[in-house]
């Protein structure tokens, strides 16, 4: 197995792991956030959210060597945005841990719930749209995967970003029909990307020996005399 295929495989597996952790975590923590005293379920959900944060960073690290061949700024930007998303997820997990310890009826419980909800908005909503805009451009520009996959992400990114600003401005709730509909394209983008990377990998154009790769695939192709 080549290095490119191995990196793509790891990135795909980690992308799929984000789905395997995020949705169960949401289901497990919701009763506590709604006032039900279910510390065992919430603790399991919190553990899954912590794992989710690490898988988020893992996808960026695995894709960095591949993405930087297409665009160094976009590749580094994706690592930074994915790391910020993970930090927001961990911030929400911290609020959950404190809420589990205090209980949903404690005086400070509403503050912890609001802190969790704010972290949930800034992480899986705001930053997810930035992630899609950055990595989608890399995948589309380098033709690493079929065009339809990054196009879904590039269409979904502004929709989710606009929806997130709508939540901040009080136009609607994040957990609402509008929030759910605008999040669907990003979910489809990440799921399809994870499946493709796991099953098929990426298509990297071959560069001539000694050709620079940091400046992008176009430079490498030009150096090899194919344009």
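Here are the numbers for the structure shown:
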quantity	calculated
Single residue of segment 1-50 satisfying the filter (farther than 29 Å from residue 201 by Cβ, crowded, with 17+ Cβ neighbours inside 10 Å and in contact (Cβ under 8 Å) with a residue 60 or more places away in the chain) that is nearest to the chain's Cα centre (by Cα)	29
Among the residues listed as 133, 171, the single one being at pLDDT below 95 and at negative phi	171
Test: residue in segment 88-96 that is within 16 Å of residue 14 (Cβ to Cβ) and at pLDDT 95 or above	yes
Considering residues of segment 90-116 that are farther than 19 Å from residue 56 by Cβ and in contact (Cβ under 8 Å) with a residue 40 or more places away in the chain only, the residue surrounded by the fewest Cβ atoms within 10 Å (Cβ to Cβ)	105
Some residue of segment 67-84 being closer than 24 Å to residue 31 by Cα and free of Cβ contacts under 8 Å to residues at least 24 places away in the same chain	no
Residue among 46, 21 that alone is modelled with pLDDT of 95 or more and either outside any helix (DSSP H, G or I) or more than 21 Å from residue 184 (Cα to Cα) (or both)	46
Among the candidates 201, 170, residue that is part of a loop (DSSP other than H, G, I, E, B) and under 16 Å from residue 149 (Cβ atoms)	201
Filtered residue count, segment 58-89, keeping only those that are under 16 Å from residue 17 (Cβ atoms) and surrounded by fewer than 17 Cβ atoms within 10 Å (Cβ to Cβ)	1
Exclusive hit being closer than 30 Å to residue 36 by Cα, in a helix (DSSP H, G or I) and modelled with pLDDT of 95 or more, set 139, 127	127
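Residue-by-condition table, conditions (1) modelled with pLDDT of 95 or more; (2) surrounded by fewer than 14 Cβ atoms within 10 Å (Cβ to Cβ); (3) under 15 Å from the mean Cα position of the chain (by Cα):
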residue	(1), (2), (3)
150	yes, no, yes
176	no, no, no
185	yes, no, yes
191	yes, no, yes
212	no, yes, no
221	no, no, no
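The values are calculated or read from the model by the stated rules, or taken from the named source; none is laboratory data. Every value quoted in this text rests on a predicted model; they were computed, and no experiment measured them. Note that each Cβ is placed from the backbone with ideal geometry, even for glycine, and that neighbours are counted across all protein chains shown.
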